Ligand SMILES: [Zn+2]
């Protein structure tokens with residue numbers, strides 16, 4: 001009887017571990033100093049290229065969570081991101097929050113974004129980091145893992161280069177996923193901030209990875 005109880009406990013522990021892999025990932029445990037730079041809401045006709053140039057200058061690879069509508073309006077930039085060795089993932093088609101979407105609408109938002117981008121996505125970042133039952137069901141239907149973040153630069157508010165830099169440099173830890181934006185409506189601080197953040201973190205021994213490399217190991 002005791003033996004049976006132990007076996008049952010082992011089975012239930014194993015199944016809860018399986019369930020945990022579907023949980024949103026905000027950061028990973030990392031023994032080395034790996035971090036992932038992520039850029040949301042693009043592509044943008046000006047800032048995406050500028051960011052790509054800074055990343056190239058330091059040989060750093062990053063992950064772009066694109067909006068399908070912006071992919072359509074700015075053709076060629078997803079191809080450019082892929083050509084330069086970056087990862088491109090899903091940030092929905094029209095940036096509607098998950099709590100405003102039912103399952104079917106969420107599925108349409110994700111599929112339409114994939115069709116527009118021409119990329120088979122593995123990850124999705126829900127706009128605003130907001131989740132809902134319908135959204136999660138749609139994401140798992142498409143086998144997307146949900147990715148959030150652990151360092152928030154709030155660069156979309158255009159708070160000044162210094163604030164964007166210190167949001168990263170004073171908070172970053174190994175295994176962090178850093179949230180930035182290549183599409184902002186004002187004058188972006190992000191390309192200039194990256195010119196300071198990247199060399200500083202490299203000097204501190206950090207290694208930049210894509211989200212997939214960070215989660216699955218390079
Ligand atoms: Zn967004």
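Quick note: the coordinates plus some simple rules give every number you see, no bench work behind them. Keep in mind it's a predicted model, so treat the numbers as computed, not measured. Positions of Cβ are backbone-derived with ideal geometry, glycine not excepted, and every protein chain shown enters the neighbour counts.
What is the fewest-to-most order of 146, 48 by other Cβ atoms lying within 10 Å of their Cβ? Don't skip to the answer; put the middle values down first.
Working: 146 21, 48 24.
Ranked by crowding around the Cβ, least crowded first: 146, 48.
Mind ordering 148-154, 52-58 by average Cβ neighbours within 10 Å, highest first?
Details: 148-154: 18.7, 52-58: 16.3.
Sorting 148-154, 52-58 by mean packing, highest first, produces 148-154, 52-58.
Kindly put 179, 201 in sequence by how many other C-beta atoms sit within 10 Å of each C-beta, fewest to most.
The fewest-first ordering by Cβ neighbours comes to 201, 179.
Angle, helix 190-203 long axis vs. longest principal axis of the chain, Cα atoms, 0 to 90°, nearest 10?
Relative to the chain, helix 190-203 is tipped by roughly 70 degrees.
At 0.36 nm per residue, and after removing the present C-alpha to C-alpha distance, how many nm does the segment from residue 22 to residue 58 gain when stretched out fully?
9.6 nm
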